[in-house]
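Q: Have a look at this one.
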Amino acid sequence: MNTIRTKLTALLVASVLGVLVIATGLSFLMLSPPDFAKAEDATAVQLELLIDLAERNHEALVGNPNGRIADAPAGGALFGPATDGINAALERRGRTQRVVVTDGPDAPWPVVSARLSDGHWLIMPLALPRPGPGGEWALVGWLVLVALGVTLVMVFAVRRLTEPLALLQRTAAAIDPNGALRLLPEKGPREVRAAARAINLLSTRLGQAMESRMRLVAAAGHDLRTPMTRMRLRAEFLPEEERSAFIEDLDELDRIADSAIRLVREEVEDGEGEPIRLDRLVADTVVELQAIGYAVELEDVAPVTIRGRPQALRRALRNLLINAATHGRQGTVRVAGGEGRARVEIEDSGPGIPENLLPRVFEPFFRVDPARGAPTPGAGLGLAIAEQIITRNGGTLSLQNMERGDAVLGLRQVLEFPAEPADTRDEADAGAP
């Protein structure tokens, strides 16, 4: 996983293990290996003295802990390196005797057996401990144990240190489309409690700011209606040639105020919604707009069910279809479903939207028309309201120009929602009027 916890854990584990490996290597370099040649020479000198003593008098070795006389060499497995080393040392000293070093299972030390001239054998313990079994595997096991221990300690330490960051990441990912942050329990280590307290304070202040903004917009839209009503009454006393233009401006102000209030209502609307037959909702909206003279047509329609608030979604569809019929001269609608998704495409044959303005189309009060007095009526809130509604119902809205070469053929508005399972369709049909 490409997270800060994983990166920090890997960095610390690699650093500690690297230091450990370097320190172990330096310790091996600093420690001088044993000089086996000197040990073999010393053993050859001792063995030479005992052989000479045994050749002169066997009885002299009775009770001697360094050697004894036997009729046969000592048993056990041949200790090859020690045998070769001691024989080489004896040869360097001009001795012709050859010895055999064996490693008996019951003896604490390897044993040297030297044949005497009378056929007896001189048995002498060799002060050299036998090598431990599986020394290489012991080293490997030690390294594995150290690596696992370091990794577990680092994972625990990093998780403890980065818990506030992880808490912030989880909280940010859990922000719903309404911008609400859930309150976190203020428990755990001191750092985690401090982070949870800060996030809860941020959530409270953010909610208060959003509520204050919505109250301000709603109050402004509501308060505008009173002076607009008075202005409309006074307009009745104006000359005919001035009255129509004045009334048109008042109608524009009325649409702006009404759209602002609807936008605020969409932001505060809550609830998970209910199963909706999206194909029927689109068809009913098209029929409604056709009845009042908008040029919209319904083409391919597939039955698909989503979950949402029907009245809000109907308003969003109405805004998008009116945009297509008004700005694009004619709108064509298709509904499709599959792979757990529901898709609505609205295409028109208008001039489209300049590419540099597409990222701004969902901004409130934004209009592609450069002047407020453009011939197409509107307050610039239709797309903003539609996008808010669709997002709050779990869907997405995107706009793209339809092009052929350098020519723009129109605008495509694409709505996508998570589709409900097929067995939910009966529930939606039962709830339909």
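The values are calculated or read from the model by the stated rules, or taken from the named source; none is laboratory data. Quick caveat: nothing in here was measured; it's all calculated off a predicted structure. Please note: Cβ atoms are built from the backbone with ideal geometry, for glycine as well, and neighbour counts cover all protein chains shown. In case anyone asks, the SASA skips ligands and DNA or RNA and just uses the protein heavy atoms, side chains included. Shrake-Rupley method; radii C 1.70, N 1.55, O 1.52, S 1.80 Å.
Q: Condition test on PRO33, is it surrounded by fewer than 17 Cβ atoms within 10 Å (Cβ to Cβ), under 60 Å from the mean Cα position of the chain (by Cα) and either modelled with pLDDT of 80 or more or farther than 30 Å from ALA147 by Cα (or both)? Spell out the reasoning first.
A: Numbers: surrounded by fewer than 17 Cβ atoms within 10 Å (Cβ to Cβ): yes; under 60 Å from the mean Cα position of the chain (by Cα): yes; either modelled with pLDDT of 80 or more or farther than 30 Å from ALA147 by Cα (or both): no.
Spelling it out, it is not the case that PRO33 is surrounded by fewer than 17 Cβ atoms within 10 Å (Cβ to Cβ), under 60 Å from the mean Cα position of the chain (by Cα) and either modelled with pLDDT of 80 or more or farther than 30 Å from ALA147 by Cα (or both).
Q: Out of the residues in the stretch 316-338 that are under 37 Å from the mean Cα position of the chain (by Cα) and not hydrophobic (A, V, I, L, M, F, W, C), which is surrounded by the fewest Cβ atoms within 10 Å (Cβ to Cβ)?
A: GLY338
Q: Mind checking which residues of the stretch 9-30 are surrounded by 12 or more Cβ atoms within 10 Å (Cβ to Cβ) and either farther than 30 Å from LEU161 by Cβ or at pLDDT 80 or above (or both)?
A: Hits for the stretch 9-30 are THR9, ALA10, LEU11, LEU12, VAL13, ALA14, SER15, VAL16, LEU17, LEU20, VAL21.
Q: Within 14 Å of ASN319 (Cβ to Cβ) and at pLDDT 85 or above, is that true of ILE390?
A: yes
Q: Now, a different point. Residues of the stretch 285-315 being in a strand (DSSP E or B) and either in contact with an Asp or Glu (Cβ under 8 Å, 6 or more places away or on another chain) or open to solvent by less than 30 Å² (accessible area, probe 1.4 Å) (or both), which ones?
A: VAL296, VAL301, THR305, ILE306, ARG307, GLY308 - these are the residues of the stretch 285-315 that are in a strand (DSSP E or B) and either in contact with an Asp or Glu (Cβ under 8 Å, 6 or more places away or on another chain) or open to solvent by less than 30 Å² (accessible area, probe 1.4 Å) (or both).
Q: Within the stretch 313-336, identify whether any single residue is touching a strand residue (DSSP E or B) at 6+ places or on another chain (Cβ under 7 Å), closer than 22 Å to ARG392 by Cα and among the small types (Gly, Ala, Ser), and answer yes or no.
A: Within the stretch 313-336, one or more residues are touching a strand residue (DSSP E or B) at 6+ places or on another chain (Cβ under 7 Å), closer than 22 Å to ARG392 by Cα and among the small types (Gly, Ala, Ser).
Q: In the set VAL344, VAL296, VAL304, which member is within 19 Å of ILE389 (Cβ to Cβ) and more than 42 Å from the chain's Cα centre (by Cα)?
A: The unique qualifying residue is VAL296.
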